[in-house]
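Data block below; observations after.
The values are calculated or read from the model by the stated rules, or taken from the named source; none is laboratory data. None of the values given here were measured: they were computed from a predicted structure. As a convention, Cβ positions derive from the backbone with ideal geometry for all residues, glycine included, and neighbour counts pool all protein chains shown.
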Amino acid sequence: MSMVRCDGIVQIYRAQDVEVVALRDVDLVIDPGETVALLGPSGAGKSTLLWLLAGLLRPSAGRLWLDGTDVGRLDQRGLDRLRASRIGVVLQNPSRNLIGYLPAAQNVAFAQRAVKRDRRRVRDLLARVGLEDVGDRPAGGMSGGEQQRLALAVALANSPRLLLADEPTSQLDAGSGQRVIDLIKESAEAEGTTAVVVTHDPGVSEALGRTVTIRDGRVGAEGRHGEDFVVVGREGAVQVPPEYHHLLPPGSMARIEAVEDGVVLRRVEP
Amino acid sequence: MILRGLWERRTLALVVLLIAVVPIASAAVAPIYSAGALTTIVRDAIREAPVEGRGWRYTTSGGTIEPKVAGFTAGAGFTDPPVFGMEVSSGSADQDDRRAYTVVWQDGQCEHLEPARGRCPAAAGEVMASEASGLETGDVVRLRSLRSARPGSATLETAPLEVVGVYRPGDPADPFWFGRTLFDPQGQPSQNKADALFTARETRSVTYYVGSGLGEQAWTDYALIRVNPDRLTGTDLPLLAEMQALAEATGRTTDAIVFSRMADTLRTMDANAGTLGVPALLVAAQLVGLGWLLLFQTVGDLVRARGPEIALARLRGHGRVRVWRFALAEPLLLLLLAVPLGLAAGFAAASLMIGALLPAGVPTTFPPAAVAAGLAATLGGVLAATASAWRVATRPVTEEWRRTPRRSARGWALDAVVLAVTALGLTELLAAGVITDASGESAGAMAVPGLMALGVALLASRVLPVASGWLFGLTRRRGGLGPFLALRQVARGPVTAGSVIVLGTAFGLATFAVAAWTATSDDYARVAAFHNGAPTAITVQPVEPGELAAAVEAADPGGALAAPVIKMPGTPQLVVSDPDRLARVAHWDPELAGGKDLAGAMAALPSPDAARVWVRGERFRLRLAHSELTENWAAQVKAAFRITGRVGPVSITMGELRGAGGAYEWNLPLPCRQVPCELRRIHADLNALGSVEGGAFVEVRVESMEVLRDGAWQPVPAPAWRVDQDPSRTDGSFGVSDTGMQVLRPATYEQEPAGIVVGEVGAKAVPGLDNAFAYRVRPAVTAAAAPGITGAGVLMDLEQADRIAYGVDEKAQFQVWTRQSGTAALEAALAREGLTVVSTVRAADLEAGYAAEGPGLALMLLLVSALAAAVLALGRTVLALHTAARRRGYELAALEAAGAKAPALRLSLLLEQAITVVTGTLAGLVAGLVAAEAALGRIPQFAEPVVTPPLPHEVAAAPVALVTGAALAATLLCALLVSELLLRGVRVERLRDTPA
């Protein structure tokens, strides 16, 4: 059973009188224990997809299964329970993940309130992220790196099966960023947690097992084992990666030639 | 966690606490202050009531009285210890003495009897008699029905009551004797009833009542129960009413009789309390409403300030109820803390107001209504917190992290409801005209000022973003970056609407309160000046009008300081005075008298100059010449005199006309031997002797008059004569016929004297000093108001009025008006002239009295609380603008990074805030002035409607301008400071952070 399964997900925002299609026909399957980097330019729909996976949004169309549960069939309470017990989220900007005036342990404990208080796990998590010695210092007074590590500890407070992180290294120096990535990978390996990380950082994407690139609200490409693949969409659409735009620029016409294991696109001048 | 959170947001938390405390305090002040005002009302009612209206006289003829009285007064802590007594009445055993006697014992009587001779009775059988009874010490009084047995004898004989002392009759109005007439009011011997015989308590045990004659009464016990005003409070009113109801029921269901005029006093109390209750409640309701508005905004801010935490809770999967509870915790804790603090602050403020505005000794109590009002005010905050928390707990959580939060459209439902209710109230107010009932029927109309303030503020909040949006279009091309940014932000209006609503409503109510206060204070001063007549009115004991005038003449020979005045109540009222003196001391407004000044008006009231006919002596003689009387007719000539100290004419019959004339004489009334009496008329009564044919007529002429004094006849100078029925007769002649009698009068006054007429007098007769309503006045001046006149009335010359009247009725009030405020010297001078000063009332006292009535008290409450609320609203608005601008720090930093200059950003921030606060303030000003225009003159200002003078309801521009100017200055200063603070917080480095 897959951890995440998106089947034709469409997400539409309504901004005043304008409808904005953030995601269109997204099909995506993520297996348990996978670590996935969501890539793509700004505004491509990465964060929207992440919020959908976190159960913070309901898709406008399509179906979404999280850990085998059809999100569309859950009421608000069920969704809250699912998020509390099986999903951990790290938001962009570490301070957003924390209550600034509470110390580290209380921040982790706050995340446990919806499930079960487990002080030992709080201590273990803080030790794991290297914050066992911060004492009663309020989270607001910590450095950016410390805050991000604490945010990760908070997200892992309830031993989630799915860890979602939005740009977890964007405001960190290289060392701190690497430490955060290591922690995510360690958690995935130690607890079998599936991790989906939105990032622009090539270092992060390289460190994770799989990359999914979102462009114009669609899954444009996937990368596995160091190689990128375009993804053929539901209607047979294929997004030409930007690095090939000089050969096949948007708006140009191409001839499709069938070969044994697929097709070849050749630009034509009408 | 809650406390840590509050500390984290301590500034906002403190503001919320303060803003919660003030409405709670304001709401609590009204009931506390009203309770004090009610206490003042009930105490004043008791103090001003006649003796019989201040308590009960409980009388019983069977059983012991003490338990009955104890039952009657159970729970009443406001009564003095009852004064017990007993009495028996009987005729005298002496056949020649036809007087009825009452033998009385009353606890403490000896302290209240003024002994003339002898002592107070101390043993059984001893009595103290009145000086007017003719009894002397040593006399023995025997009463027909009061018997005793000699030692060793079984026969009952009339009990000997030995007079051991003689007392001077006391003041019948002394509360100690209330409920019974124990002394002749005139202090004169009576033919039918002797003043009470006071005896010792033991007399009852040695005597037997054996009579049952008419008008006699066996021993009865009584108790005098008096309400002590110093112990009475407003909350005692229901118990007082219960006691009165019990008293009335007791008289119907038992043998006891409870005498009292407490029902009248209670009616007065209820009427005055009614004028206080509704205005005070409405003020409290409007303040609570305003408090709700403030709390709605501020508590909402606090909840929104926790938005990121609440979003985190939702992100971590906390259930909706838990999130809601989490969001509510901080504001509810603050509100919980605000309740006792607000109630304590309200109590302290009300104590100060009671101490400053109400008479000394009025206690500050804490009625349950104060707690209810405080909780009602808090409820606004609770609702606001609940609604805001629910909104934050249910809106899409991702909205919290959006860079540009989506605007939610503001509905029209609330605006429509408020505007509809305002329109209804306004219609009711305008259609109803002047509301004469302050006690509640027009409560909706009286709430119009608050509703209008809210309605105008709501409209302004709608108009401002639209207008800003329109102007924003213009600034795209010219005007610079500052106005462009400012107008764009105002047009977006995330804070604009709330701030304009709160500011507009608060300043609207404050402006109305100040406008109403200035107009009402002016009206109070105007009414007090006219009703008091002059700056100071000294009331003196009644004397002869001439004596009053003479005393004032002697006390103020220059005539510039004081004027004698006699006021007669009635419809129309009558005020008489010396016009020359009155012109120098009385209050007057030429605009209300067709432009005529006081001196000119007084000049229209000429004093008569004809000499009056005074006679003093034993006998009066008329020498008459007359024609022959028709056969079988007889005519009796009569002369009528006005006698000093008596109301009404005293007529003497001079004799029957005989022959062709001659001397006719008769004894003058007895008092004329001591003091001069005034001849007022001569006329004749015609009588038919048997059967007559045809009519009768005789013409009579007075040739001379004489008075016998000290054994010698002295001529009385002939006056100018007048016959009202035939003005041509001025030679002392008058006709007597069977078809009409003519009356010959000394022409000492005008038949229809000149007067200054106020209001609808028309052809009505004025009461005159004798309250006889015998003549009309000729309107010399018609005015809308005149000194001393409180309704339709007439002001006329004192000498004229005195000459017309047959004496002075007891209703007449004698006063000396002066323009001085310090009256000690004048009072001393009046006392030297034999006048007894009863009281001194200054116009300022009356003015203060109006301010202490229900509407005045409510207005004072409104003024204080509305100004406090306006300050809070200003503070809240500045805070909200500051918070909103801080949220845009990222945007401002980006603008600076893009090359926008600091002055342009400063101007932008300043303009944004200035536009919002100035719009709110001006909307409030407009709303307040419009409300004042609509409501003043229709909303009651006085407990009793004022008939005259007409009230201008002029709003004084200076205080309103001061408040508005101060508000604008404060708002602009705050805007300036906040802009500068915000600008200093804008740093390009901030762009490194992701916008929160």
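A few comments on the model shown:
- Residues of the stretch B:663-672 that turn out to be in contact (Cβ under 8 Å) with a residue 12 or more places away in the chain and exposed (fewer than 14 other Cβ atoms within 10 Å of the Cβ), as a count: 1
- Within the stretch A:77-97, the residues that satisfy the criterion of being without any contact (Cβ under 8 Å) to a residue 60 or more places away in the chain and either within 9 Å of another protein chain (Cβ to nearest Cβ) or among the hydrophobic types (A, V, I, L, M, F, W, C) (or both) are A:ARG77, A:LEU79, A:ASP80, A:ARG81, A:LEU82, A:ARG83, A:SER95, A:ARG96, A:ASN97.
- B:ARG803 satisfies every condition listed in (1) crowded, with 18+ Cβ neighbours inside 10 Å; (2) assigned to a loop (DSSP other than H, G, I, E, B); (3) more than 26 Å from the chain's Cα centre (by Cα) except (2).
- Checking every residue in the stretch B:839-849 against the condition of being closer than 27 Å to B:ASP597 by Cβ, out of contact with any Leu (no Cβ under 6 Å at 6 or more places or on another chain), of a type in the set (D, E, K, R) and surrounded by fewer than 16 Cβ atoms within 10 Å (Cβ to Cβ) gives at least one match.
- Here the stretch B:248-282 is the region considered, the condition is being assigned to a helix (DSSP H, G or I) and basic (Lys, Arg), and the residue that is surrounded by the fewest Cβ atoms within 10 Å (Cβ to Cβ) is B:ARG252.
- A:SER170 being under 21 Å from the mean Cα position of the chain (by Cα), on the phi < 0 side of the Ramachandran plot and away from chain B (no Cβ under 13 Å): no
- Residue in the stretch A:65-76 that is away from chain B (no Cβ under 13 Å), among the charged types (D, E, K, R) and either in a strand (DSSP E or B) or more than 26 Å from B:ARG395 (Cβ to Cβ) (or both) present: yes
- Residue, modelled with the highest pLDDT, within the stretch A:227-253, restricted to residues that are surrounded by 14 or more Cβ atoms within 10 Å (Cβ to Cβ) and assigned to a strand (DSSP E or B): A:VAL230
- The residues of the stretch B:312-321 that are free of Cβ contacts under 8 Å to residues at least 12 places away in the same chain, within 7 Å of another protein chain (Cβ to nearest Cβ) and not in a loop (DSSP other than H, G, I, E, B) amount to a single one, B:LEU312.
- Residue that is nearest to the other protein chains (Cβ to nearest Cβ), among those in the stretch B:1-60 that are in contact with a helix residue (DSSP H, G or I) (Cβ under 7 Å, 6 or more places away or on another chain) and of a type in the set (Phe, Trp, Tyr): B:TYR33
- Criterion applied to B:ALA409, B:ALA431 was being within 14 Å of another protein chain (Cβ to nearest Cβ), surrounded by fewer than 18 Cβ atoms within 10 Å (Cβ to Cβ) and either in a loop (DSSP other than H, G, I, E, B) or modelled with pLDDT under 80 (or both), and the one residue passing it is B:ALA409.
This table checks each residue for (1) outside any loop (DSSP other than H, G, I, E, B); (2) closer than 17 Å to B:HIS626 by Cβ.
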site	(1), (2)
B:ALA684	yes, yes
B:GLU693	no, no
B:VAL702	yes, yes
B:ASP726	no, yes
B:GLY735	yes, yes
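- Of the helices (runs of 4 or more DSSP H) contained entirely in the stretch B:1-106, those carrying at least 3 residues that are under 30 Å from B:VAL288 (Cα atoms) and at pLDDT 85 or above fall at B:10-48.
- Whether a residue is closer than 30 Å to B:SER691 by Cβ and among the aliphatic types (A, V, I, L, M) was assessed, and B:VAL650 does not pass this test.
- Meets criteria (over 24 Å from A:ARG215 (Cα atoms), within 14 Å of the chain's Cα centre (by Cα) and not in a strand (DSSP E or B)) for A:GLY55: no
- Matching option when the condition is in contact with a Lys or Arg (Cβ under 9 Å, 6 or more places away or on another chain) and not charged (D, E, K, R), among B:ALA684, B:ALA718: B:ALA684
- Restricting the stretch A:113-122 to residues that are more than 8 Å from chain B (Cβ to nearest Cβ) and touching a helix residue (DSSP H, G or I) at 6+ places or on another chain (Cβ under 7 Å), the residue that is surrounded by the most Cβ atoms within 10 Å (Cβ to Cβ): A:VAL122
- Residue in the stretch A:14-37 that is farthest from the chain's Cα centre (by Cα), counting only those that are within 14 Å of chain B (Cβ to nearest Cβ) and closer than 14 Å to A:ASP216 by Cα: A:VAL20
- Sole exception among (1) surrounded by fewer than 19 Cβ atoms within 10 Å (Cβ to Cβ); (2) over 50 Å from the mean Cα position of the chain (by Cα); (3) part of a loop (DSSP other than H, G, I, E, B); (4) not charged (D, E, K, R) for B:ALA610, by number: (2)
- Checklist (1) under 19 Å from B:GLY480 (Cβ atoms); (2) in contact (Cβ under 8 Å) with a residue 12 or more places away in the chain; (3) surrounded by fewer than 19 Cβ atoms within 10 Å (Cβ to Cβ) applied to B:THR883, failing item: (1)
- Of the residues making up the stretch B:282-311, just one is of a type in the set (D, E, K, R) and facing chain A (nearest Cβ under 9 Å), namely B:GLU309.
- So A:GLY100, is it assigned to a loop (DSSP other than H, G, I, E, B), touching a residue at least 24 places away in the same chain (Cβ under 8 Å), within 14 Å of chain B (Cβ to nearest Cβ) and touching a Gly at 6+ places or on another chain (Cβ under 6 Å): yes
- Those residues of the stretch B:4-29 which are farther than 14 Å from B:VAL303 by Cα and of a type in the set (Lys, Arg), in sequence order: B:ARG4
- For B:GLU847, the conditions (1) assigned to a helix (DSSP H, G or I); (2) farther than 30 Å from B:LEU287 by Cβ; (3) charged (D, E, K, R) are fulfilled apart from (2).
- For beta carbons closer than 6 Å, sequence separation of 6+ or different chains, a first residue in the stretch B:566-581 that is over 20 Å from B:GLY600 (Cα atoms) and a second that is surrounded by fewer than 24 Cβ atoms within 10 Å (Cβ to Cβ) and among the charged types (D, E, K, R), the qualifying pairs are B:PRO569/B:LYS811; B:PRO572/B:LYS764.
- Qualifying residue in the stretch A:188-204 (condition: part of a helix (DSSP H, G or I), in contact with a helix residue (DSSP H, G or I) (Cβ under 6 Å, 6 or more places away or on another chain) and away from chain B (no Cβ under 14 Å)): yes
- Within the stretch A:103-112, considering residues that are among the aliphatic types (A, V, I, L, M) and crowded, with 20+ Cβ neighbours inside 10 Å, the one farthest from the other protein chains (Cβ to nearest Cβ): A:ALA104
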